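First the structure, in the form of structure tokens, and then the observations on it.
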Amino acid sequence: MTKKTKGILGIAVFLGIALVAAGYLFNDASHSQEAIVTQNTPVAQASMTKRPAASDSSSASSSSSVITQSGPPQLFQPGQHYRVLSNPVTTDAKPEKVEVVSIFWYGCPHCYALEPKIEQWQQTLPADVEFIRTPGFFGPNLWQTHARLYYTVRNLGLEEKVHAGIFSEIQNRRNQLQDSEQMAEFLNRKFGVEPEAFNKAFKGFGVNNQLQKAFSKLKGYELSGVPAIVIDGRYVVEPGLAGSLGNMPVIADYLIRKVKQDRKG
């Protein structure tokens, strides 16, 4: 083999090693930059607001970054951790209270995963915070049917008794409760609710009025999906910006304190 041939082979080997190393470094940098967030369940494309969906709900990750409350208080930033509504939505809370609205859909797996955290967090809220559940819906579809179910059981005084059971029936047993007959049968079988009383409330004026009021507020929140937490009709916390489901109550706590401080200031 001539010196010239050896030189060419040496250069080729060197270039090959350099390309492999560069590829490794590029892939490593890409993975280190990748942000993993827990995603929400977007509304149907036909009924979405102009604001684009935060994510596709098909790949929620359990390895999401979680913000903890240890150490000094965390300063969260608008647009980075939560949204600020340009047109605040009128709240139903008394002036001395801070309204907190938890928005969910019974058919949303992320809402189901968040619900135990919401229930625990709700127990820690001070007396000057008014907590409200609101079913998310964006048109005459299954979302709206489930919203009617929620307001029906709430009006019957059964919310605390059956709310978790409805979630479990839909998420674990895959019984979608698509109409009032399925709902009445399930509630009677599981909780002893009289079908006649349920059907009367389900079709009643009170539920219709609550649906209309909720729909107006939901449009004002400019949601792209659920779950979401709205504080004082001004601040919206969603999984995409929060980074994980577990972060949502933490950021909401910060915003509750912010509202109180702003009122004093």
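The values are calculated or read from the model by the stated rules, or taken from the named source; none is laboratory data. Only a predicted model underlies this, so the values are computations on that prediction, with no experimental measurement involved. Ideal geometry is used to build each Cβ from the backbone, glycine not excepted, and the neighbour counts take in all protein chains shown.
Residue-wise test of (1) without any contact (Cβ under 8 Å) to a residue 12 or more places away in the chain; (2) surrounded by 21 or more Cβ atoms within 10 Å (Cβ to Cβ); (3) in contact with a helix residue (DSSP H, G or I) (Cβ under 7 Å, 6 or more places away or on another chain); (4) not small (Gly, Ala, Ser).
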{"site": "GLY204", "(1), (2), (3), (4)": "no, no, no, no"}
{"site": "ASN208", "(1), (2), (3), (4)": "yes, no, no, yes"}
{"site": "GLN212", "(1), (2), (3), (4)": "yes, no, no, yes"}
{"site": "SER216", "(1), (2), (3), (4)": "yes, no, no, no"}
{"site": "ILE231", "(1), (2), (3), (4)": "no, yes, yes, yes"}
{"site": "VAL237", "(1), (2), (3), (4)": "no, yes, yes, yes"}
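Regarding segment 161-171, can at least one residue be identified that is at pLDDT below 95 and either touching a Phe, Trp or Tyr at 6+ places or on another chain (Cβ under 7 Å) or among the polar types (S, T, N, Q) (or both)?
Looking through segment 161-171, none of the residues is at pLDDT below 95 and either touching a Phe, Trp or Tyr at 6+ places or on another chain (Cβ under 7 Å) or among the polar types (S, T, N, Q) (or both).
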Original post:
Only one residue in ALA147, ALA184 is crowded, with 18+ Cβ neighbours inside 10 Å and under 18 Å from LYS219 (Cα atoms). Which one?
Top reply: ALA147
Original post:
Given the structure, is PRO109 surrounded by fewer than 16 Cβ atoms within 10 Å (Cβ to Cβ) and within 17 Å of THR41 (Cα to Cα)?
Top reply: yes
Subject >> Test for GLY139: is it surrounded by fewer than 18 Cβ atoms within 10 Å (Cβ to Cβ) and either assigned to a helix (DSSP H, G or I) or without any contact (Cβ under 8 Å) to a residue 40 or more places away in the chain (or both) >> reply: no
**OP:** Within segment 169-181, work out how many residues are surrounded by fewer than 14 Cβ atoms within 10 Å (Cβ to Cβ), under 19 Å from CYS108 (Cα atoms) and free of Cβ contacts under 8 Å to residues at least 12 places away in the same chain.
**Re:** 3
**OP:** Sort through GLU115, GLU99, GLU119 and tell me the only one that's more than 15 Å from ALA228 (Cβ to Cβ), charged (D, E, K, R) and modelled with pLDDT of 95 or more.
**Re:** GLU119
Original post:
Do we have any residue at all in segment 222-239 that's touching a Gly at 6+ places or on another chain (Cβ under 7 Å) and either polar (S, T, N, Q) or at negative phi (or both)?
Top reply: yes
Original post:
Within segment 66-81, is there a residue that is closer than 21 Å to ALA252 by Cβ, in a strand (DSSP E or B) and either touching an Asp or Glu at 6+ places or on another chain (Cβ under 9 Å) or modelled with pLDDT of 95 or more (or both)?
Top reply: yes
